[in-house]
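The values are calculated or read from the model by the stated rules, or taken from the named source; none is laboratory data. Since we're looking at a predicted model, the values are computed, not measured. Here Cβ is always computed from backbone atoms with ideal geometry, including for glycine, and neighbour counts include all displayed protein chains.
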Amino acid sequence: MRCFYCERRCELKDGSYGRCRAYKEEDGKVVERFPHAWSSCGTSRIESVPLYHAYPGSRSLVIGTAGCNFDCRYCSNAFIAKEDPERWQGAMIRLEPRQLIGAALKLGCQNIVFDVNEPTLSLPSLAEVSVQARRAGLPMGCLTNAYATEEATELLAGVFSFFNISLKGLSDAFNREFIGIPSAAPVLRNIRRLAETSHVEVATPVIQSVNDDELDEIAGFIADIDPAIPWHVFRLLPEHQMKEARYPNIEAVDGALTAARKRLHYLYFHNFVGSDWVDTFCPDCGALAIERFSLGCGGDMLRRNLCGEGRCPACGRGIPLLAGPAGERRPA
Amino acid sequence: MSLAIIDAREWQRMFDLRTCDRAAQDGPVVRMVRRVLERHPFPGDLAELSNRWVTDVALEFIQEYDPRFIFLAYAQQYYRGRYSDMGPAERSRLLSAMAREVERFVERSGFSPVLVGTGDMTPRRGAIDVTRLDGLAVSTHWSARYAGLHAPSGRDLRDLAAEPGLDRIVPKSEWMALYDDWSQAHRVPDYLLVAKEGFTFTTLGQVHRHIAMVPAGSSRRIPVSTHLGRAADITDVRGIVEAGLAERRVALILVEGIGLAEFPWPHTAAANGRAWHFYEPGDGQYLTLASGRHRVFDYPTGYKYFDEIMEHKEFALSGYFTAIPEGTLGRAFPGRSVAVGNRSMFMHLVPGADISMECFARNLYNQGTMAVIHREEKF
């Protein structure tokens with residue numbers, strides 16, 4: 001039988017586990033191989049994830065498992081995402097959903113974010129966690145590559161209320177050569193779908209001379225859905241097979257974003273220390289609404305949130321933010 | 001005001017170190033430091049050239065600033081040893097390369113060295129899982145041998161007592177009494193968990209990486225090599241450096257992840273703690289070396305660091321440090337001083353040098369470099 005979680009739709013038979021090695025066939029069902037086994041269970045500022053418009057300033061319990069369904073040549077988390085999850089099992093933290101929620105509360109976390117690898121690999125466990133999280137009033141979000149099937153995307157939408165979706169590039173050539181998938185079409189489909197009902201931010205890692213020529217087109221795609229979707233353009237620090245690649249030039253990438261800034265209300269350019277482009281400004285009057293400081297990879301922080309009640313402090317225009325214990329959405 | 005200059009490769013920004021507000025100062029020291037930053041991109045914590053970067057930057061600062069005291073940290077072999085499985089031949093090659101870089105600095109600079117190894121490493125044997133306790137176990141800042149335990153239940157303490165990898169459970173009061181330091185009692189965990197040699201703790205709050213080697217039990221004593229004096233205790237090192245500075249230029253050089261078993265230079269052994277407690281490579285050990293008194297509790301092992309760093313804090317570029325430490329060697333020294341190392345945060349905080357340069361790396365991700373100028377008036 002074929003796995004239905006991601007668009008690879010791997011054949012699971014004769015003891016094979018598919019590309020991500022996270023699922024197996026058992027009694028005619030697709031079964032998670034390593035349920036409730038977490039590679040990470042730590043605290044983080046939500047801005048570090050990064051999520052800039054969801055619960056600003058909150059403390060997240062950051063969880064992850066192991067393995068991935070992509071094969072990105074520049075992967076930043078190869079030590080865990082590229083590994084066969086079976087190899088990690090000896091080091092995993094085994095927490096049932098109730099224990100995981102207990103951990104979040106003990107650590108003073110206000111939400112839970114899955115962000116180390118791809119949540120599609122662990123959806124059954126995450127679905128169980130979400131039931132307990134809801135009871136405890138802890139909203140759940142994730143980073144995802146959104147290469148899920150339509151069926152799994154509905155599951156993701158049921159588990160998580162906020163997303164940072166990685167849209168790595170548009171062209172088939174780029175996706176084949178650098179990501180190891182034939183096309184980004186399923187990703188685009190799922191961004192549209194998830195943005196209908198959930199809080200969505202989009203992230204794009206920039207590799208100079210590889211995908212920087214697509215920035216305008218990506219901005220156009222996002223703007224077509226909703227120009228108020230926050231877009232994080234990442235200066236990629238190449239790792240894994242591209243470790244020797246040159247770091248993208250910050251001024252050159254900034255220049256390449258000129259047109260995109262006119263189309264999107266909230267464009268952030270970061271993943272390097274001291275970035276000038278991490279604050280939120282009102283799209284109408286230009287007033288500073290949220291001030292942040294970037295410590296680079298995994299280290300952004302809130303400095304000042306001036307959006308009382310989700311409104312621009314100067315003109316009162318709505319700034320889209322998830323806020324409050326129930327995570328009510330405040331569209332602009 | 002202390003100035004922090006970030007170099008993210010082909011791009012620099014300057015900030016007030018305390019507030020992280022943008023700064024616009026200019027002057028000969030700022031311009032000189034910017035040039036040094038620009039010329040020396042950091043190769044990465046694990047990269048072969050990482051220790052060479054330390055020597056190159058240090059030699060350039062000697063040429064540009066002419067310090068009398070320099071504090072250096074060579075850490076590449078510590079990171080590689082901690083995170084990479086390697087055989088004896090590879091480790092030997094790694095240590096030889098490190099020694100060559102240290103010797104290159106000493107030969108070219110003419111400084112009198114005080115060389116300190118931060119302690120032996122040993123292969124990791126296993127982990128003690130403390131993630132399912134009623135209380136909260138916290139492991140801080142790369143610590144392997146220790147974890148703090150907050151608000152444990154009776155059941156937690158009974159279960160832990162039966163844990164085969166655990167060496168001891170030390171009540172807070174006993175730990176603080178060992179150093180007669182009660183200043184941080186509000187932050188010190190209720191108990192300190194101490195692992196047996198080779199064991200680490202699996203705790204909540206960590207992002208896990210494969211750990212190959214951890215500090216060895218023989219790190220109770222560390223090697224010190226210098227002709228300037230004899231250190232019987234880690235707290236003696238500062239006095240030796242200061243006495244040397246009265247007559248000559250001195251380099252205090254920390255060589256991370258190397259102890260008595262592998263130290264490549266003639267040395268004597270100095271106590272690296274008290275009784276059952278010894279320092280792992282980290283802030284406490286660095287601060288003790290730089291201040292000449294034990295500094296176990298500035299950021300006590302196992303404290304709830306996340307309660308302090310989550311909200312907007314001052315010194316955001318300084319990791320978990322909440323202030324520039326008092327009482328360090330460089331802050332008291334009237335001559336010019338420089339610190340260089342491939343150990344993030346410590347270089348600009350611990351030695352108290354006028355100028356420092358360090359890698360800006362977090363969890364082994366190479367973000368670039370950071371220089372801090374604490375004092376310009378000596379130039």
Checklist entry - Within segment B:205-218, is even one residue among the hydroxyl-bearing types (Ser, Thr, Tyr), surrounded by 24 or more Cβ atoms within 10 Å (Cβ to Cβ) and in contact (Cβ under 8 Å) with a residue 60 or more places away in the chain? => result no
Next on the checklist: I'm trying to understand the selection: among the residues of segment B:337-350, which are more than 17 Å from B:Arg18 (Cα to Cα) and in contact with a helix residue (DSSP H, G or I) (Cβ under 7 Å, 6 or more places away or on another chain)?
Outcome noted: B:Ser337, B:Val338, B:Ala339, B:Val340, B:Gly341, B:Asn342
Next on the checklist: I'd like to know if segment A:253-266 contains one or more residues that are within 12 Å of another protein chain (Cβ to nearest Cβ) and at pLDDT 95 or above.
Outcome noted: yes
Next on the checklist: Please return the ranges of strands (runs of 3 or more DSSP E) entirely within segment B:1-84 where 3 or more residues are within 12 Å of another protein chain (Cβ to nearest Cβ), more than 18 Å from the chain's Cα centre (by Cα) and crowded, with 21+ Cβ neighbours inside 10 Å.
Outcome noted: B:3-7
Checklist entry - Which of (1) within 25 Å of B:Asp307 (Cα to Cα); (2) surrounded by fewer than 16 Cβ atoms within 10 Å (Cβ to Cβ); (3) of a type outside the set (Gly, Ala, Ser) does B:Thr202 not meet, given it meets every other one? => result (2)
Checklist entry - Do any residues in segment B:51-62 that are over 19 Å from B:Leu252 (Cβ atoms) have Cβ atoms under 8 Å from those of residues that are crowded, with 19+ Cβ neighbours inside 10 Å and acidic (Asp, Glu), where the two are at least six apart or on different chains, and which pairs are they? => result B:Arg52/B:Glu101
Next on the checklist: Looking at segment A:167-214 only, could you name the residues that are at pLDDT 95 or above, assigned to a loop (DSSP other than H, G, I, E, B), under 24 Å from A:Glu47 (Cα atoms) and of a type outside the set (Gly, Ala, Ser)?
Outcome noted: A:Leu167, A:Lys168
Checklist entry - Does segment A:94-115 hold any residues that are under 13 Å from A:Ala37 (Cα atoms) and surrounded by fewer than 23 Cβ atoms within 10 Å (Cβ to Cβ), and which are they? => result A:Arg94, A:Leu95, A:Glu96, A:Pro97, A:Gln99
Checklist outcome for this item: For segment A:232-244 the number of residues that are within 24 Å of the chain's Cα centre (by Cα) and within 12 Å of another protein chain (Cβ to nearest Cβ) is 6
Checklist entry - Within segment A:274-281, is there a residue that is surrounded by fewer than 22 Cβ atoms within 10 Å (Cβ to Cβ), at pLDDT 90 or above, more than 18 Å from the chain's Cα centre (by Cα) and within 10 Å of chain B (Cβ to nearest Cβ)? => result yes
Checklist entry - Within segment A:68-155, which helices (runs of 4 or more DSSP H) (wholly inside it) include 3 or more residues that are away from chain B (no Cβ under 13 Å)? => result A:123-136
Checklist entry - From the list B:Leu157, B:Leu133, which one is at pLDDT 95 or above and either within 25 Å of the chain's Cα centre (by Cα) or within 13 Å of chain A (Cβ to nearest Cβ) (or both)? => result B:Leu133
Checklist entry - Quick check: anything in segment B:117-126 over 25 Å from the mean Cα position of the chain (by Cα), within 14 Å of chain A (Cβ to nearest Cβ) and either within 15 Å of B:Gly198 (Cβ to Cβ) or crowded, with 19+ Cβ neighbours inside 10 Å (or both)? => result no
Item to check | Unique residue being over 28 Å from B:Ala261 (Cβ atoms) and in contact with a Ser or Thr (Cβ under 8 Å, 6 or more places away or on another chain) when the list is B:Pro43, B:Pro67, B:Pro28 | outcome: B:Pro67
Checklist entry - (1) farther than 19 Å from A:Pro124 by Cβ; (2) more than 17 Å from the chain's Cα centre (by Cα); (3) outside any loop (DSSP other than H, G, I, E, B): which one isn't true of A:Val31, the others all being true? => result (1)
Checklist entry - Which members of segment A:26-45 meet the condition of being of a type outside the set (D, E, K, R) and facing chain B (nearest Cβ under 10 Å)? => result A:Trp38, A:Ser39, A:Ser40, A:Cys41, A:Gly42, A:Thr43, A:Ser44
Item to check | Residues of segment A:199-253 classified as of a type in the set (D, E, K, R), within 17 Å of A:Pro50 (Cβ to Cβ) and surrounded by fewer than 23 Cβ atoms within 10 Å (Cβ to Cβ), total | outcome: 0
Checklist entry - Of all residues in segment B:106-117, how many are in a helix (DSSP H, G or I) and in contact with a Pro (Cβ under 8 Å, 6 or more places away or on another chain)? => result 1
Checklist entry - Can you tell me which residues in segment B:137-189 are among the acidic types (Asp, Glu) and in contact with a strand residue (DSSP E or B) (Cβ under 6 Å, 6 or more places away or on another chain)? => result B:Glu163, B:Asp167
Checklist entry - If we scan segment B:198-206, do we find a residue that is in a strand (DSSP E or B) and more than 26 Å from A:Gln89 (Cβ to Cβ)? => result no
Checklist entry - What is the one condition in (1) out of contact with any Pro (no Cβ under 8 Å at 6 or more places or on another chain); (2) under 20 Å from A:Phe163 (Cβ atoms); (3) of a type in the set (Ser, Thr, Tyr) that A:Tyr268 does not satisfy? => result (1)
Next on the checklist: Out of the residues in segment B:174-195 meeting the condition of being part of a loop (DSSP other than H, G, I, E, B) and free of Cβ contacts under 8 Å to residues at least 60 places away in the same chain, tell me which one is farthest from the other protein chains (Cβ to nearest Cβ).
Outcome noted: B:Asp180
Checklist entry - B:Val255 versus (1) over 16 Å from B:His141 (Cα atoms); (2) under 18 Å from the mean Cα position of the chain (by Cα); (3) surrounded by fewer than 24 Cβ atoms within 10 Å (Cβ to Cβ): which is the lone unmet condition? => result (3)
